[in-house]
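Trainee: Okay, here's the structure, questions in a sec.
The values are calculated or read from the model by the stated rules, or taken from the named source; none is laboratory data. Model, not experiment: these values are computed from the prediction. As a convention, Cβ positions derive from the backbone with ideal geometry for all residues, glycine included, and neighbour counts pool all protein chains shown.
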Amino acid sequence: MSSFRILSWKGLFASIMSGQRHYSAIPSICLKRALLVSKVTRYELECKRYPDLKMAKLEATLRKQCFDYDVLLQHHNLHKEFEHRVRNIFNECGIETRIVNRSEYTQSNIDWADIIIPTGGDGTYLMAASRVSGNEKPVVGLNSDPSRSEGYLCLPVKYSENVKEAVDKLLKGEFEWMFRSRIRITLHGENLCATPFELHEHVIHPSYSELERKKQSLPLSSMNVTSEVLPVLALNEVYMGESLSSRVSYFGLSLDNGAWTKVKSSGLCVSTGTGSTSWHISINRITEQSVAEVLKLLGMSHRDPGLVKQVTDEFNQNLVFNCEDKRMTYTVRDLISAGVWPDPKGLEPRGFANKIEVKSRCFDGGLVIDGGVFFRFNEGTTATLEIHKSDALRTVRLTEK
């Protein structure tokens, strides 16, 4: 049963006429149960890497590896204190809570909750959001340590200091709904494997051969399946390319049902509006050095630092677009534009599209969602990327007085 109620008939009528669900002039959450998703701290990660070591031996090992053990433990404790403070505040407001870690974050726990509260940074938020399907259940993040984490996807930093104010605003309806677009990926081909492999396991088992062993042991979802929708939606971006970054990625690319182009590059990154502030902008960002060199070639005042900074900032800001935009932006990384490549000529290395199809010609290819979930993507497999309104992630923008 939905945990939302619409309090405005005018808002309900407008939502019906626009073809959208659950928009309301006065948003409201029937907030009885909150699921707090815990961040995996670096300290916890190191404990998992050395499960057989006792505390004293673990401390000695980490100090030997040039870790500042005291700082490591300090930030772990800081996060845990924040987590329990959040839980206490929700409980004081009459809201039942559960705290779960990555392995305990199951579908049954998600179904139990009215709201998902990742407590950590953007990595924790992305992991939590990846397991929430559809646009019904809200995901609202709280940044547990703003001094070490950007927390772009979380509520503003001031609510990390005043969690009670954030909870009160949720209960009073002092917020606006946001629906962050997400990318749905459908794989086509024979003997598809739609079983995800979480890359944090690669940190715990760091050898490449171990990663390969785990990949090969993944059970095929079914034999001779020709089409399958992946069980994870991309909130930030989808990366496709060879698993080893030093190897050239080879694939075919079709935009909006257009002609196919054969491409060699360092991989393809397809981003949402949410992800346009992340890897997308890092790949495409222009530097002041490059701008100054272009201005010099144009015979303009390249020694004017104000002009150089203005042009640089404006270009980089234009790379970002709205998180609710239904378009995707693609970037072909290090596109090989020499000789016969790309084939045919004319492909822009960066642009927008509503539908993107990628045909893998990779030897050991991977399709990675939000930097955390890996799927095999080798020769003979085609991926179709699209954005559907029903896949959007529901979250909030708190009202500021």
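Trainee: Looking for something out of contact with any helix residue (DSSP H, G or I) (no Cβ under 6 Å at 6 or more places or on another chain), within 21 Å of Arg361 (Cα to Cα) and either of a type in the set (Gly, Ala, Ser) or not assigned by the TED database to the domain that holds Val373 (or both) - is there at least one such residue anywhere in the stretch 231-243? So that I can check it myself, show each step before the final result.
Mentor: Residues of the stretch 231-243 out of contact with any helix residue (DSSP H, G or I) (no Cβ under 6 Å at 6 or more places or on another chain): 231, 234, 238-243.
Now drop any that are not within 21 Å of Arg361 (Cα to Cα), which leaves 238-243.
Those still in the list that are either of a type in the set (Gly, Ala, Ser) or not assigned by the TED database to the domain that holds Val373 (or both) too: 241, 243.
Taking every residue of the stretch 231-243 in turn, at least one turns out to be out of contact with any helix residue (DSSP H, G or I) (no Cβ under 6 Å at 6 or more places or on another chain), within 21 Å of Arg361 (Cα to Cα) and either of a type in the set (Gly, Ala, Ser) or not assigned by the TED database to the domain that holds Val373 (or both).
Trainee: Looking only at the stretch 284-301, which residues are touching a Lys or Arg at 6+ places or on another chain (Cβ under 7 Å) and buried (at least 17 other Cβ atoms within 10 Å of the Cβ)? Quick ask: steps written out before the conclusion?
Mentor: So the first thing to find is which residues in the stretch 284-301 are touching a Lys or Arg at 6+ places or on another chain (Cβ under 7 Å), and the list is 284, 288.
Across the stretch 284-301, the qualifying residue is only Asn284.
Trainee: Any idea which residue in the stretch 66-85 is modelled with the lowest pLDDT, counting only those that are part of a helix (DSSP H, G or I) and charged (D, E, K, R)?
Mentor: Asp70
Trainee: If we keep just the residues of the stretch 40-65 that are under 30 Å from the mean Cα position of the chain (by Cα) and in a loop (DSSP other than H, G, I, E, B), which is surrounded by the most Cβ atoms within 10 Å (Cβ to Cβ)?
Mentor: The selected residue is Thr41.
Trainee: Only one of (1) surrounded by 16 or more Cβ atoms within 10 Å (Cβ to Cβ); (2) in the same structural domain as Phe251 (by the TED database) fails for Phe363. Which number is that?
Mentor: Among (1) surrounded by 16 or more Cβ atoms within 10 Å (Cβ to Cβ); (2) in the same structural domain as Phe251 (by the TED database), the lone unmet condition for Phe363 is (1).
Trainee: Look at Asn316 and say whether it is out of contact with any Leu (no Cβ under 6 Å at 6 or more places or on another chain) and surrounded by fewer than 14 Cβ atoms within 10 Å (Cβ to Cβ). Before you say what the answer is, go through the steps one by one.
Mentor: Values: out of contact with any Leu (no Cβ under 6 Å at 6 or more places or on another chain): yes; surrounded by fewer than 14 Cβ atoms within 10 Å (Cβ to Cβ): no.
When the stated conditions are applied, Asn316 does not pass them.
Trainee: Report the residue count in the stretch 93-136 for those that are crowded, with 20+ Cβ neighbours inside 10 Å and among the charged types (D, E, K, R).
Mentor: Qualifying residue count for the region: 1.
Trainee: Any residue at all in the stretch 69-82 that's within 20 Å of Val396 (Cβ to Cβ), aromatic (Phe, Trp, Tyr), surrounded by 15 or more Cβ atoms within 10 Å (Cβ to Cβ) and in contact with a helix residue (DSSP H, G or I) (Cβ under 8 Å, 6 or more places away or on another chain)? Full working, then the answer.
Mentor: If we filter the stretch 69-82 for residues that are within 20 Å of Val396 (Cβ to Cβ), which is where we start, we get 82.
Now restrict to residues that are aromatic (Phe, Trp, Tyr): 82.
Applying the additional criterion that residues be surrounded by 15 or more Cβ atoms within 10 Å (Cβ to Cβ) yields 82.
Adding the requirement that they be in contact with a helix residue (DSSP H, G or I) (Cβ under 8 Å, 6 or more places away or on another chain) leaves 82.
Yes, the stretch 69-82 has at least one match.
Trainee: Which one is nearest to Val86 (Cα to Cα), of the residues in the stretch 118-159 that are among the aliphatic types (A, V, I, L, M) and in contact with a helix residue (DSSP H, G or I) (Cβ under 7 Å, 6 or more places away or on another chain)? Spell out how you get there, then give the answer.
Mentor: If we filter the stretch 118-159 for residues that are among the aliphatic types (A, V, I, L, M), which is where we start, we get 126-129, 132, 139-140, 142, 153, 155, 157.
Those still in the list that are in contact with a helix residue (DSSP H, G or I) (Cβ under 7 Å, 6 or more places away or on another chain) too: 132, 139, 142, 153, 155.
Numbers: Val132: 21, Val139: 15, Leu142: 9, Leu153: 18, Leu155: 13 Å.
If we take residues in the stretch 118-159 being among the aliphatic types (A, V, I, L, M) and in contact with a helix residue (DSSP H, G or I) (Cβ under 7 Å, 6 or more places away or on another chain), then Leu142 is nearest to Val86 (Cα to Cα).
Trainee: So which residues in the stretch 267-283 are closer than 20 Å to Glu242 by Cα and either in contact (Cβ under 8 Å) with a residue 12 or more places away in the chain or touching a Lys or Arg at 6+ places or on another chain (Cβ under 7 Å) (or both), if there are any at all?
Mentor: Gly267, Leu268, Cys269, Val270, Ser271, Trp279, His280, Ile283
Trainee: Across the stretch 227-238, what is the total count of residues that are over 11 Å from Ser133 (Cα atoms), surrounded by fewer than 24 Cβ atoms within 10 Å (Cβ to Cβ) and touching a residue at least 60 places away in the same chain (Cβ under 8 Å)?
Mentor: Of the residues in the stretch 227-238, 1 are over 11 Å from Ser133 (Cα atoms), surrounded by fewer than 24 Cβ atoms within 10 Å (Cβ to Cβ) and touching a residue at least 60 places away in the same chain (Cβ under 8 Å).
Trainee: Just give me the residues in the stretch 54-100 being of a type in the set (Gly, Ala, Ser) and farther than 30 Å from Ile115 by Cβ, in sequence order.
Mentor: First pass over the stretch 54-100, keeping only residues of a type in the set (Gly, Ala, Ser): 56, 60, 94.
The answer is Ala56, Ala60.
Trainee: From the list Gly123, Gly151, which residue is touching a residue at least 12 places away in the same chain (Cβ under 8 Å) and on the phi > 0 side of the Ramachandran plot? Spell out how you get there, then give the answer.
Mentor: Details: Gly123 fails: on the phi > 0 side of the Ramachandran plot.
Result of the check over Gly123, Gly151: Gly151.
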